[in-house]
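Step one of this worksheet: look at the structure below.
The values are calculated or read from the model by the stated rules, or taken from the named source; none is laboratory data. For clarity, every value in this text was computed on a predicted model and none was experimentally measured. Quick reminder, even Gly has a Cβ in these numbers, built from the backbone with ideal geometry, and neighbours come from all protein chains shown.
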Amino acid sequence: MPEGPLEVEDLSVWRGERHVLRGIGFSVAGGQGLKLTGPNGAGKTTLLRSIAGLTYAEQGQVRWRGVDVRRDLRAFHASSAYLGHEPPLKPDLTARENLRYWVGNRRRVASRELGAALQRVGVETCAEQPVRTLSAGQRRRVALAGLTLLALPLWLLDEPTTHLDMDGQQLVGQLIAEQLARGGIALAALHHPLPGTLSAVPTLELAA
């Protein structure tokens, strides 16, 4: 069943004297994605964090399933996953332990699921290594494994292809395509074009 919709209406954010976002509005229904593009400083991260409820917007509204998300942020966070520039991983835990802790806070997860997710993103051989010993690209892949295990209807992704090689960028495109195919929603701030059919996903370009 399609999820959402996610509706953003007249969203404005200031940083001191700087008007970072000015009257941003759009609507995304289940099975749809949106690419956020624009130069550095255009406000892509600020927009995603504002939607996620992590940054205060001085004006406007974000609605999920017709309800202002700030009326019940806990319920909204239970339906959404925000993946920022830095993967939410603890450096001294192994890749497997990180996923067990991160995903386990949301739902029960079996060991076989953890293994399958790590294999899917290509880091199964790193499962028992402390995350601090992994490369930036490997850490990003572990975070993507966590994203798939959470199985949430709304993905908010800030530069999800950062530190990834071409195969990793293809993987991100595949994961987003699968999210949309099952009726979910994905918003992604990107500097690189997504591969394949995702090139047709609508784009919101922010100006600096």
Item checked: Among residues of the range 63-93, those that are more than 14 Å from the chain's Cα centre (by Cα), of a type outside the set (Gly, Ala, Ser) and surrounded by fewer than 20 Cβ atoms within 10 Å (Cβ to Cβ), counted -> 13
Next item on the list: Return the pairs, sorted by first residue and then second, in which the second residue is of a type in the set (S, T, N, Q) and surrounded by fewer than 17 Cβ atoms within 10 Å (Cβ to Cβ), the first residue lies in the range 68-94 and is touching a residue at least 12 places away in the same chain (Cβ under 8 Å) and on the phi < 0 side of the Ramachandran plot, the beta carbons are less than 8 Å apart, and the residues are 6+ apart or on different chains.
Entry: THR94/GLN129
Next item on the list: Sort out which residues of the range 1-16 are part of a strand (DSSP E or B) and either within 18 Å of ARG74 (Cα to Cα) or touching a residue at least 40 places away in the same chain (Cβ under 8 Å) (or both), and write them in order of number.
Entry: LEU6, GLU7, VAL8, GLU9, ASP10, LEU11, SER12, VAL13, TRP14
Checklist line | Checklist (1) among the basic types (Lys, Arg); (2) on the phi > 0 side of the Ramachandran plot; (3) touching a Phe, Trp or Tyr at 6+ places or on another chain (Cβ under 8 Å) applied to ARG65, failing item | finding: (3)
Next item on the list: Mind checking which strands (runs of 3 or more DSSP E) fall wholly inside the range 103-208 and carry at least 1 residues that are modelled with pLDDT under 95, within 17 Å of the chain's Cα centre (by Cα) and among the polar types (S, T, N, Q)?
Entry: 203-205
Margin query: Looking only at residues that are of a type outside the set (Asp, Glu) and part of a loop (DSSP other than H, G, I, E, B) in the range 53-62, which one is surrounded by the fewest Cβ atoms within 10 Å (Cβ to Cβ)?
Written below: TYR56
Next item on the list: Starting from the range 17-38, take each residue that is touching a residue at least 12 places away in the same chain (Cβ under 8 Å) and more than 19 Å from GLN61 (Cα to Cα) and list its partners that are part of a strand (DSSP E or B) and polar (S, T, N, Q), counting only C-beta distances under 8 angstrom and pairs at least six apart or across chains.
Entry: LYS35/THR203; THR37/THR203
Item checked: Residue within the range 38-52 that is in contact with a Ser or Thr (Cβ under 6 Å, 6 or more places away or on another chain) and surrounded by fewer than 20 Cβ atoms within 10 Å (Cβ to Cβ) present -> yes
